[in-house]
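Reading through the C-alpha cells given below for one structure.
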Amino acid sequence: MTCNGGNTNNCLTCEGSLFFEKNYCNSKCSSHKWANDEKNTCDECSTNCLTCKSSATNCLSCGSTLFLEKAKCISKCPDGKYGDTSKRTCEVCDNTCKTCDAAGT
C-alpha cells in the first residue's frame, strides 16, 4: 500500500485483498463498480450494467429499463423469452410459445 499522508483517505494504491477507490482501500467495491483483482482497484461497470463482476461488461443486474440476458443488459428479450419487470431479467416462455409477454401468455 502506498499513501500520501497518515489518514485512511490518503491511499494511492492497495495490496492484498483490498481495492483502491476514491483514495481509500476497501474490502469491497461500491455500487456500479467491480473488483479488479489484477490491479487491486474498483473499476466502473459499463453504463448499461447496474452491477457487474470480473469485468465491466459482465453484468449481474441492469437499470430500470433494461433486462439481464447472458450477462448483458438489453432493451428487448429475444424470441422465446419475455422481460420480467420485477426481476429485470429475460425469462423463458412456455414451451408452446415462440414469443410471449409473460410466462404463460
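The values are calculated or read from the model by the stated rules, or taken from the named source; none is laboratory data. Every value quoted in this text rests on a predicted model; they were computed, and no experiment measured them. Note that each Cβ is placed from the backbone with ideal geometry, even for glycine, and that neighbours are counted across all protein chains shown. Heavy atoms of the whole protein, side chains included, go into the accessibility calculation; ligands, DNA and RNA do not. Shrake-Rupley method; radii C 1.70, N 1.55, O 1.52, S 1.80 Å.
Probing with 1.4 Å while keeping every protein chain in the model, the per residue accessible area of the range 35-104 equals 63 Å². Restricting the range 10-87 to trypsin sites (Lys or Arg not before Pro) that sit in a DSSP loop and have at most 15 other Cβ atoms within 10 Å of their own Cβ leaves LYS22, LYS28, LYS39, LYS53, LYS70, LYS76, LYS87. Were the residues from SER46 through SER64 laid out at 0.36 nm apart, the gain over their Cα-Cα distance would be 5.0 nm. Ordering TYR24, TYR82 by accessible surface, largest first, gives TYR24, TYR82; the 1.4 Å probe counts only protein heavy atoms, with every chain in place. List residues of the range 69-89, by number, whose backbone nitrogen lies under 15 Å from a label position 7 Å along Cα→C-beta of LYS98. Backbone N within reach: 78-81.
Measuring nothing but protein heavy atoms, the accessible surface of the chain at 1.4 Å probe radius is 51 percent carbon and sulfur. Look at the alpha carbon pairs under 8 Å that are at least 6 residues apart: their mean separation over the length of the chain gives a relative contact order of 13 percent. Sites count as exposed loop sites when they are GluC sites (Glu not before Pro), lie in a DSSP loop, and have at most 13 other Cβ atoms within 10 angstrom; the longest stretch of the chain without one is 39-105.
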